[in-house]
Amino acid sequence: MQLQETKTLISAGEIQAKVAELAGRVDKDYYGKNPLLLCVLKGAVIFLADFMRCLTIPVEIDFMAVSSYGASTKSSGVVRILKDLESSIEGRHVLIVEDIIDTGLTLKYLVENLRSRGPATVKIVTLLDKPDRREVDIEADYCGFKIPNEFVVGYGLDYNEGYRQLPQVSVLKGSQK
Ligand code: PRP
């Protein structure tokens, strides 16, 4: 696939500074709690990798892969679990690591699903948030950047599975919102 021209929205340097700032807050808030960082595949892997290397408290990581049941049912908020956690989260402090919150449907479902498993706490850290797109009432506990309703790629985010490798967050030139 040929990569089209992109326009930087958030530079690699700005991202790294924000990731360190978020990690500093999580370091303080989770001191002594040995949290489980739950990375939602695939987009959040780059953020997770940078974020966890900025943390000084001990953490564990695990991964989930989810997908909505298809465009026609997306608004129903029903999410299919493609890959589940490897271990129990009973009594654990779970911190969901996301790259972006858009409609909020994925996280709404995920948080409810996880809460039914008896964790001590479930919180959310997201690098990006598009508040204008929200369809359900859900907010991140830690948010890097609130961004306008534009189609963004890079730093884990894709367009047709491409562009995830970009070190910055960019807007595809000529892309529709
Ligand atoms: C993105 C993102 C969130 C979800 C947010 O994942 O990583 O999981 O969409 O959208 P929502 O708030 O409207 O539910 P995507 O489905 O693009 O999968 P990917 O991370 O594998 O690219």
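Evaluation of residue 67 against the conditions (1) open to solvent by 40 Å² or more (accessible area, probe 1.4 Å); (2) within 13 Å of the ligand (Cβ to nearest atom); (3) without any contact (Cβ under 8 Å) to a residue 24 or more places away in the chain shows that the sole unmet condition is (1).
Which of the strands (runs of 3 or more DSSP E) contained wholly in segment 99-177 include at least 2 residues that are near the ligand (Cβ under 10 Å from one of its atoms)?
Numbers: elements: 121-129, 142-146, 169-172.
So the answer is 121-129.
Listed by first and then second residue, the pairs with beta-carbon distance under 6 Å, at least 6 apart or on different chains, first residue in segment 121-140 and open to solvent by 30 Å² or more (accessible area, probe 1.4 Å), second among the charged types (D, E, K, R), are 123/141; 131/146; 133/102; 136/108.
Looking only at segment 43-56, residues that are free of Cβ contacts under 8 Å to residues at least 12 places away in the same chain and open to solvent by less than 50 Å² (accessible area, probe 1.4 Å) come to 1 in all. Residue count for segment 2-42 satisfying the condition of being under 25 Å from residue 113 (Cα atoms), part of a loop (DSSP other than H, G, I, E, B) and open to solvent by less than 50 Å² (accessible area, probe 1.4 Å): 2.
The values are calculated or read from the model by the stated rules, or taken from the named source; none is laboratory data. Everything numeric here is computed off the predicted structure, so don't read it as measured data. A quick note on method: Cβ atoms are made from the backbone with ideal geometry, for glycine too, and the neighbour counts reach across all protein chains shown. What goes into the accessible areas is simple: the full protein's heavy atoms, side chains included, and nothing from ligands, DNA or RNA. Shrake-Rupley method; radii C 1.70, N 1.55, O 1.52, S 1.80 Å.
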